[in-house]
Each structure stands twice: as C-alpha cells, then as structure tokens.
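The values are calculated or read from the model by the stated rules, or taken from the named source; none is laboratory data. Computed from a predicted model, the values in this text were never measured in an experiment. Cβ: placed from backbone, ideal geometry, glycine included. Neighbour counts: every protein chain shown.
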Amino acid sequence: MASHQPQVTRLTQMKAVSYLAPNWFNFYETILAYLGRLLGVETQLYQGECDPLEDPVLLKDQVDLVFICGLPLIRYCQVVPHQLQALVAPVMQAPRYQNRPIYFSDVIVNATSNLANFEDLALKTVCYNDPGSNSGYNLLRYRLIQGGHPKNFFSKAIQSGSHQGSIRWVADGFVDCAAIDSVVLEQELREFPEISAHLQVVEVLGPCPMPPLVVSQRLGASVIQQLQFALLQPNAELQAAMEQVGVQRFAAVKLEDYSVLAEIYNAVSAESVL
C-alpha cells in the first residue's frame, strides 16, 4: 500500500501566505515573526492575489503556513489531500463569539436607508467580495435558499473584490447591502470608527468555524506540534498583538471542523441564486 506520509523538510526559512482580508495582515506578520523566532528561522509573509484553489505556489507545496478561509481550505483539501493540516484558529473576545473559534456574516445596509430586515432587501443591489468567500457569498446564497427566495431576489449582484470594498460601497450608498465577515467588519470599524455611523446590520448569518492558520504537513509532526503549542501558549508580545485585534486566545482546530462549510457550498451550488 502506498504511503501518504509527506517527506519532512528541514526549515531554513518559513514562508507564509494570507488569503484573508488585509486589515489583519500586520497581525499575521506578528504571528509569523513569533513562530520564526521559536524555530530560529527567517520568515516571509505575502498577500495572496488569486484564488487559493488556483495558486501555483500553494499547489506546488511551496509555502509553509497559510492563513485561509475555511471554505477554500476544505475545497482545496478535497482536491489536494494530505498536504495541509489545520493548526489553530482565533477565538475573539466579544461575547457574541461564545469563547469559541467562530465568526458570523453580518449583512449590512446604509444607516440612512429604510431597510430594516432581510426581506426589505428584495430587488435591492447587493455586492460581494469574492465568489469563493464563505461569509460574503456562500452564506448569503444559503440564506436565499433557506428563505425560499427566487434567484432574482436581488435586482443586481456586483463583485467588489474585497470585504473592505464592499463596506465602502454600502457606506457610500453605491450599493444597498453586503454580507461581511464579522471579524473583518469589527476590525475595519476599529481602524475607521467614522464609518460606523453610515452602517447598520440587518441580519446575522452563521456562526461558522473561524478561518484557521494551516500548515504544510511537509514540516513534520514535531515542528507542527511546536508551532501549535506556541500559539496555544503565546508570550506577552503576541498576547499584546492579539489584544489589539480583539483576539482572546487561539484554539486547536482540525480540518474536519470545516466540513460543514463544504456541505453548505454543495447545497448552494445546486441552486441558481445570486
């Protein structure tokens, strides 16, 4: 029987990619630098510019750590098994997160509109960050199916390219609504508090398992265990960075925790909504 055990790589540099919203990029750099010091290696983090399912760097197993949404992760691992392993996911401080590694999708509208609930969004214009996004697209489509809404519920759907772009479009009145990752929205409002006066949440979707930090199995069990333990027991410097973005702690997660997102994706893929 062929073995699926990956060949262990001796690290001289730790390379990471983030496919998540860039308003946490500095925090991810802090995490990576912390782990680099632990292993005594240099680190490099870059912002992914394409769909992770199509990124040749990831497909060739040329990155060690990946910050990624749970939906593309589980879809990627169905196509490329035995490459990636879920390590940890953040647990947010706010009470709505129930001390669990979860997040929500907040459906926002302009605060000056007369839109008060999801039903009011009928025949309105919606924007979404990316068709591969769980919070911005997948959950919204699932909500339409759950509500028995027709495929033309919205008058128009426009891709903004990012959660931040969607937030600005709603705040500026360019579109009527958008579904935004709750953690991204909260961070954006921390950095730009003036935007909060222009937004209102009319529906909360979820919760869903929090986007994880994943690692290439090529690093080997010993290194992977070191990395996970270091994040579960962060030092004072990392704890300070966690506090700034509202992270209470990290929790160990497994790939199986994200299977529910693939189930939702499969359900909405069979329906022509949004």
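Screening V202 on (1) at pLDDT 95 or above; (2) part of a helix (DSSP H, G or I) shows it passes everything except condition (2).
Matching residues to (1) surrounded by fewer than 20 Cβ atoms within 10 Å (Cβ to Cβ); (2) in a helix (DSSP H, G or I):
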{"site": "V175", "(1), (2)": "no, no"}
{"site": "A178", "(1), (2)": "no, no"}
{"site": "P207", "(1), (2)": "yes, no"}
{"site": "L238", "(1), (2)": "no, yes"}
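Can you tell me which residue among V183, V175 is touching a strand residue (DSSP E or B) at 6+ places or on another chain (Cβ under 7 Å), without any contact (Cβ under 8 Å) to a residue 60 or more places away in the chain and either closer than 30 Å to A157 by Cβ or not aliphatic (A, V, I, L, M) (or both)? Walk me through it before giving the result.
On the way: V183 fails: without any contact (Cβ under 8 Å) to a residue 60 or more places away in the chain.
Being touching a strand residue (DSSP E or B) at 6+ places or on another chain (Cβ under 7 Å), without any contact (Cβ under 8 Å) to a residue 60 or more places away in the chain and either closer than 30 Å to A157 by Cβ or not aliphatic (A, V, I, L, M) (or both) holds for just one of V183, V175, which is V175.
Anything in the range 129-158 that is in contact with a strand residue (DSSP E or B) (Cβ under 6 Å, 6 or more places away or on another chain), outside any helix (DSSP H, G or I) and either under 22 Å from A262 (Cβ atoms) or outside the structural domain of E188 (by TED's automatic domain parsing) (or both)? List them, or say none. Across the range 129-158, there are no qualifying residues.
Reported count of residues in the range 159-208, each being among the β-branched types (V, I, T) and closer than 25 Å to V260 by Cα, is 6.
Annotation for the range 69-81: at least one member residue is free of Cβ contacts under 8 Å to residues at least 40 places away in the same chain, buried (at least 19 other Cβ atoms within 10 Å of the Cβ) and not basic (K, R). The set of residues from the range 23-59 being farther than 21 Å from E243 by Cβ and of a type in the set (A, V, I, L, M, F, W, C) comprises L39, V41, C50, L53, V57, L58, L59. Of the residues in the range 187-194, at least one is among the hydrophobic types (A, V, I, L, M, F, W, C) and farther than 23 Å from D120 by Cβ. For the range 86-117, the candidate set comprises residues that are among the β-branched types (V, I, T) and assigned to a strand (DSSP E or B); within that set, the residue that is nearest to E243 (Cα to Cα) is V91.
When each of Q200, Q217 is tested for being touching a residue at least 12 places away in the same chain (Cβ under 8 Å) and in the same structural domain as L84 (by TED's automatic domain parsing), the lone residue that passes is Q217. One residue stands out in the range 240-274 among those that are loosely packed, with under 12 Cβ neighbours inside 10 Å and in contact with a Lys or Arg (Cβ under 9 Å, 6 or more places away or on another chain): the one that is modelled with the lowest pLDDT, namely S272.
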